[in-house]
């Protein structure tokens, strides 16, 4: 049996390099040799839950860039040798409004990108943009399509609008800042870290407020005069306060819950201000394609925090657990 | 001084017929002799608050139908003798997304329709639809435009969709049922009253669930298989549960807060189901006009609960306080 090295989530040792069977591509599939992959929030959730004996034996990883090295059919031979990025949103379905019931994310039930090789259906392959390295391209898929859908399909962003991105440390946040700025918006951010606020301003935001400040709502209103579009992945107690910085007719796009349940929302804020609270997650194949076109057209380069060989995956994950990163953390399949 | 009779809100006696100065129309105004007016939720709030010494000395009333009897300028003479309905949404502004900061509702700061006569700017006049009596037309404005905006502009209702209207006893609810059915939707309702559920089904709803039932969420899901568009004016603790009856991609339009603050919302429901929570109130002049066109085209007749002479206004208001009405309660300026 031919084997390959993969980063496997185990209950006892958390993340372990193991020799696992090297997969063979089926008729509508190819085998991709991974050059770089990136850690996302869903990988972190699985990693953190493994402490409690959560799903184990999985190969995590939703983001990846690599080279097609084997085709499952003659027709797919056209992909051979190509550098590709993988769309990790599987079976979205035909409805742009929402994913189908059987929607899945690569690195969930289906083995992910934290390995030497991965099997991918050709419908999920996308040629690597020419202006990006494999490392740069590898960090885009999940966070990029999530940010694109949040800003444009759900948020309806128009040039000249004021956008607030909360929690600039999060995985999707920097794409939000870069995309919104590239689309002609005026971007503001919040963070609990003064250092990250400075980095966000270097990235194109015009201002930022520390959400640990008791007066953060007033400070944002003083700074901005009210926000057209807020993108939040925290929820929690502060979500109700975000409504106080939204203009009349403003939109709040919600894509996560790192701070838990939403409470103490005054309905009056929602109806009298004509607010729209819009849930979103990942994106459709159409949005994935549009997102890469946008990145190419606007010449956007993703922000890389750091890159680790897969043998040091534990260090990479712990850097994110400590919240030290600014930009994506990359894993490369280097095993010696 | 010429006087007229009006229903004035006083701190001590709540509602009292008083002789007040009869107003004179200015250049861009006309004088309308009221034939019928209707009680809305904002009138109820003022009435209930007057117990606590709230705003007094006001002439309430947002809805009204009457005849133009005096013009403030030669140009406005074309309105003389016409039966008109009044758009109570003053100074909406030019933005369809939201009302301007100085938006006001007739019967708030500006004297309302609970009087013999009222001054109205001609921009707020609308010819009474031919298929309706003055009493029928008088109950439409505020609730009608609110329902229209909620269903169509905000809710984006499409024919064939499943719509849930919560609290069928409320003032806007019957318009929601009638408009949604006329637009080709499949309409469900909730109520705390079995009698009102039956009446809603007679009005065109295909089914209803009593929200006092502990299993109401499950019952709605069993009955409907999930809802595309929910219109709610209650908020409160049940709002989070409404998300459990929304389909993926579903919309929840919120237009009131009779049950108070929203709490215990799981953000996961919002983002994973791609929900849209959309605040709305009243509507623009454009929506007001479209609403009347829709009512004419679909031959919709509003539901009248009862009509009282203005001297019995207290009885009319108390009927609503007790929640006994199904349909609008009308006041007619009859004083003997």
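The values are calculated or read from the model by the stated rules, or taken from the named source; none is laboratory data. The structure displayed is predicted, hence computed values, not measured ones. Note that each Cβ is placed from the backbone with ideal geometry, even for glycine, and that neighbours are counted across all protein chains shown.
Considering the conditions (1) within 14 Å of another protein chain (Cβ to nearest Cβ); (2) at pLDDT below 95, residue B:166 is excluded by exactly one of them, (2).
Just wondering, is there one or more residues in the stretch A:325-335 that are free of Cβ contacts under 8 Å to residues at least 40 places away in the same chain and in contact with a helix residue (DSSP H, G or I) (Cβ under 7 Å, 6 or more places away or on another chain)? Yes - at least one qualifying residue is present in the stretch A:325-335.
Could you tell me which residue of the stretch B:118-139 is nearest to the chain's Cα centre (by Cα), considering only residues that are more than 20 Å from residue B:70 (Cα to Cα) and assigned to a loop (DSSP other than H, G, I, E, B)? Among those residues, the one meeting the criterion is B:139.
Just checking, does the stretch B:151-164 include any residue being within 29 Å of residue B:310 (Cα to Cα) and either out of contact with any helix residue (DSSP H, G or I) (no Cβ under 6 Å at 6 or more places or on another chain) or outside any loop (DSSP other than H, G, I, E, B) (or both)? Step through it out loud before you land on a result.
Restricting attention to the stretch B:151-164, the residues satisfying the condition of being within 29 Å of residue B:310 (Cα to Cα) are none.
Checked the stretch B:151-164: no residue is within 29 Å of residue B:310 (Cα to Cα) and either out of contact with any helix residue (DSSP H, G or I) (no Cβ under 6 Å at 6 or more places or on another chain) or outside any loop (DSSP other than H, G, I, E, B) (or both).
Between A:199, A:219, A:181, the distinction of being modelled with pLDDT under 95, more than 20 Å from residue A:254 (Cβ to Cβ), in the same structural domain as residue A:157 (by TED's automatic domain parsing) and crowded, with 16+ Cβ neighbours inside 10 Å belongs to A:199 only. The single condition from (1) facing chain A (nearest Cβ under 10 Å); (2) closer than 21 Å to residue A:102 by Cα; (3) surrounded by fewer than 22 Cβ atoms within 10 Å (Cβ to Cβ) that residue B:267 fails is (3).
Regarding residue A:55, is this residue away from every other protein chain (no Cβ under 14 Å), in contact with a strand residue (DSSP E or B) (Cβ under 6 Å, 6 or more places away or on another chain) and modelled with pLDDT under 95? No. Restricting attention to the stretch B:131-165, the residues that are crowded, with 24+ Cβ neighbours inside 10 Å and farther than 20 Å from residue B:92 by Cβ total 6.
Taking strands (runs of 3 or more DSSP E) that do not extend beyond the stretch A:225-310, which have at least 3 residues that are in contact with a helix residue (DSSP H, G or I) (Cβ under 9 Å, 6 or more places away or on another chain) and over 25 Å from residue A:184 (Cα atoms)? Steps first, answer last, please.
Numbers: elements: A:227-232, A:246-254, A:276-279, A:304-309.
Of the strands (runs of 3 or more DSSP E) lying wholly inside the stretch A:225-310, those with at least 3 residues that are in contact with a helix residue (DSSP H, G or I) (Cβ under 9 Å, 6 or more places away or on another chain) and over 25 Å from residue A:184 (Cα atoms) span A:304-309.
For residue B:306, only one of the following conditions fails: (1) surrounded by 22 or more Cβ atoms within 10 Å (Cβ to Cβ); (2) assigned by TED's automatic domain parsing to the domain that holds residue B:105. What is its number? Answer for residue B:306: the failing condition is (1). Checking each residue of the stretch B:211-218 against the condition of being within 24 Å of the chain's Cα centre (by Cα) and away from chain A (no Cβ under 14 Å) gives at least one match. For the stretch B:90-99, the count of residues that are more than 14 Å from chain A (Cβ to nearest Cβ) and either at positive phi or surrounded by 14 or more Cβ atoms within 10 Å (Cβ to Cβ) (or both) is at least one. Here B:75, B:83 are screened, and the one residue that is more than 30 Å from residue A:251 (Cβ to Cβ), free of Cβ contacts under 8 Å to residues at least 60 places away in the same chain, touching a strand residue (DSSP E or B) at 6+ places or on another chain (Cβ under 8 Å) and away from chain A (no Cβ under 14 Å) is B:83.
Just a yes or no: is a residue in the stretch B:287-296 without any contact (Cβ under 8 Å) to a residue 40 or more places away in the chain and within 26 Å of the chain's Cα centre (by Cα)?
Taking the stretch B:287-296 and keeping what is without any contact (Cβ under 8 Å) to a residue 40 or more places away in the chain, we get B:293.
Add one more test, that the residue is within 26 Å of the chain's Cα centre (by Cα), and what stays is B:293.
Yes, because at least one residue in the stretch B:287-296 is without any contact (Cβ under 8 Å) to a residue 40 or more places away in the chain and within 26 Å of the chain's Cα centre (by Cα).
If you go through the stretch B:222-240 and keep only what is more than 10 Å from chain A (Cβ to nearest Cβ), over 19 Å from residue A:93 (Cα atoms) and either free of Cβ contacts under 8 Å to residues at least 12 places away in the same chain or surrounded by fewer than 19 Cβ atoms within 10 Å (Cβ to Cβ) (or both), you end up with B:222, B:223, B:225, B:237, B:238.
Would it be correct to say that residue A:114 is surrounded by fewer than 24 Cβ atoms within 10 Å (Cβ to Cβ), in contact with a helix residue (DSSP H, G or I) (Cβ under 8 Å, 6 or more places away or on another chain), within 30 Å of residue A:18 (Cβ to Cβ) and away from chain B (no Cβ under 14 Å)?
Values: surrounded by fewer than 24 Cβ atoms within 10 Å (Cβ to Cβ): no; in contact with a helix residue (DSSP H, G or I) (Cβ under 8 Å, 6 or more places away or on another chain): yes; within 30 Å of residue A:18 (Cβ to Cβ): yes; away from chain B (no Cβ under 14 Å): yes.
It is false that residue A:114 is surrounded by fewer than 24 Cβ atoms within 10 Å (Cβ to Cβ), in contact with a helix residue (DSSP H, G or I) (Cβ under 8 Å, 6 or more places away or on another chain), within 30 Å of residue A:18 (Cβ to Cβ) and away from chain B (no Cβ under 14 Å).
Going by the structure shown, is residue A:326 within 29 Å of residue A:140 (Cβ to Cβ) and either within 11 Å of chain B (Cβ to nearest Cβ) or not in a strand (DSSP E or B) (or both)? Break it down into steps so the answer makes sense when it comes.
Details: within 29 Å of residue A:140 (Cβ to Cβ): yes; either within 11 Å of chain B (Cβ to nearest Cβ) or not in a strand (DSSP E or B) (or both): yes.
Here the answer is yes, as residue A:326 does meet what is asked.
Within the set A:261, A:243, A:282, the sole residue that is without any contact (Cβ under 8 Å) to a residue 60 or more places away in the chain, crowded, with 18+ Cβ neighbours inside 10 Å and within 14 Å of chain B (Cβ to nearest Cβ) turns out to be A:243.
Quick one: is residue A:189 within 18 Å of residue A:251 (Cα to Cα), touching a strand residue (DSSP E or B) at 6+ places or on another chain (Cβ under 7 Å) and touching a residue at least 12 places away in the same chain (Cβ under 8 Å)? Criteria met by residue A:189.
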